[in-house]
């Protein structure tokens with residue numbers, strides 16, 4: 001066993017944490033399904049609720065690199081609608097999360113990913129522009145669901161993928177919009193984890209800082225991978241990565 005900031009970790013636990021850091025970095029520079037893979041992996045080591053607090057500082061660090069690289073490509077007309085409703089979702093998730101156990105956390109995470117995959121496949125099958133949802137109510141629902149699932153399991157990536165794939169944003173705009181969304185939402189979540197859930201402490205922050213080199217490596221790998229994909233290839237890449245995450249959650 002290895003002791004890191006009072007955490008008793010086996011060698012396999014340490015490997016999982018480093019893999020999660022790598023996947024987190026990749027997710028912030030375009031490989032969004034990688035971020036969803038990191039959620040069930042970290043839950044194996046820390047359980048449902050605590051893992052969300054351990055993961056959040058990694059996400060906050062990785063968000064900086066995603067915004068730095070893709071900040072010019074964000075769709076602010078969509079973000080302006082999403083932000084306030086995401087805040088509502090975060091508050092709702094904080095209240096709900098205070099009353100549910102780790103097993104329910106895992107069920108919520110699995111259900112979120114599976115439903116998201118189904119919607120992505122349905123939207124991809126429709127394909128025609130006239131079927132793309134344009135109502136403001138769809139954006140509001142996405143904001144609330146994104147904030148809630150982000151707080152309860154750091155799984156808003158699947159919700160945002162559904163929304164941004166459905167409105168057919170180009171690849172770089174997709175990545176830039178999600179980068180700004182999560183930078184703001186994840187920072188907004190930090191006080192709730194510290195004060196309400198007590199899942200972020202100096203111990204978790206210290207542990208997360210050790211993973212920074214792997215987050216940087218993952219961010220670089222994400223940029224390399226995304227550069228090689230066309231817009232259509234990228235949409236299917238997101239769907240397949242999300243499907244893999246769903247299978248991993250059920251195992």
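Only the coordinates and a few stated rules stand behind these numbers; no lab work does. Because the structure is a prediction, the values reported are computed rather than measured. Cβ placement follows ideal geometry from the backbone for every residue including glycine, while neighbour counts extend to all protein chains displayed.
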For the residue 236, residue 80 Cβ pair and Förster radius 22 Å, calculated FRET efficiency rounded to 0.05 is 0.15
Ratio of Rg to Rh for region 1-124, alpha carbon only, Kirkwood?
-> 0.99
Could you compute the FRET efficiency for residue 229 and residue 71, with r as their C-beta to C-beta distance and R0 at 25 Å, rounded to 0.05?
-> 0.80
Mind pulling the angle between the C-alpha long axis of helix 212-227 and the longest principal axis of the chain? Nearest 10 degrees, somewhere in 0 to 90.
-> 20
Counting every C-alpha pair in region 145-193, the percent lying more than 12 Å apart is 61
Residues of region 145-167 with amide N under 14 Å of a point placed 7 Å along Cα→Cβ from residue 95 = 148
Just 12, 27, 150 to compare: in a GNM of the chain, with alpha carbon springs under 10 Å, which one fluctuates most?
-> 12
Top mean-square fluctuation among 66, 206, 147, Gaussian network model of the chain, C-alpha springs under 10 Å?
-> 206
When the chain is treated as a GNM, springs tying every alpha-carbon pair under 10 Å, which of 174, 138, 214 comes out with the largest mean-square fluctuation?
-> 138
Using Cα pairs under 8 angstrom and six or more residues apart, how large is the relative contact order of region 1-51, in percent?
-> 26
0 to 90° range, to nearest 10: angle between helix 156-166 axis and the chain longest Cα axis | 10
Against the 2.2 N^0.38 Å rule of thumb, the C-alpha Rg of the chain sits at a ratio of 0.94
How far is helix 136-153 tilted, in degrees, relative to the longest principal axis of the Cα atoms in the chain, given as a value from 0 to 90 rounded to the nearest 10?
-> 20
